[in-house]
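Only the coordinates and a few stated rules stand behind these numbers; no lab work does. All of these numbers come straight from a predicted model, not from anything done at the bench.
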């Protein structure tokens with residue numbers, strides 16, 4: 001069964017890279033890419049829910065923390081696994097990422113690291 005993977009990142013180049021990595025995989029993934037927190041929330045109202053959301057922390061208007069809070073406050077969306085994406089990894093961020101979601105990946109993300117993360121989350125469901 002096809003796994004839906006959503007990426008929320010304000011960088012179109014990042015989204016393109018994630019999409020290419022998933023396309024090159026032997027797995028059957030459906031890529032959903034959006035460039036803002038607002039677009040993420042809008043998409044989730046109208047689409048089948050993703051199996052995982054990869055969420056950039058540093059975005060304009062609504063950052064990843066705010067998006068995560070809105071997802072966790074919504075009874076329909078609260079159980080979707082969220083993995084934070086960040087370029088600014090420090091101890092505070094690591095602790096916060098580990099406490100509030102299903103993990104984090106530091107950008108740039110290696111394809112092997114991405115697939116390991118997806119596999120761990122899907123097996124854990």
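Values for this structure:
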{"read-out": "Compactness of the chain, expressed as Rg and Dmax over alpha-carbon positions, Å", "value": "13.3, 37"}
{"read-out": "Principal semi-axes in Å for the stretch 1-64 [√(5λ), Cα gyration tensor, largest first]", "value": "20, 15, 8"}
{"read-out": "Helical mean residue ellipticity (222 nm; -39500 (n - 2.57) per DSSP H run of 4+; nearest 500) of the chain", "value": "-13500 deg cm²/dmol"}
{"read-out": "Cα gyration tensor of the stretch 30-73 - equivalent ellipsoid semi-axes, whole Å, descending", "value": "16, 11, 10"}
{"read-out": "The chain, relative contact order [Cα under 8 Å, separation at least 6], %", "value": "22"}
{"read-out": "Span from the the stretch 1-41 Cα centroid across to the the stretch 57-89 one, whole angstrom", "value": "15"}
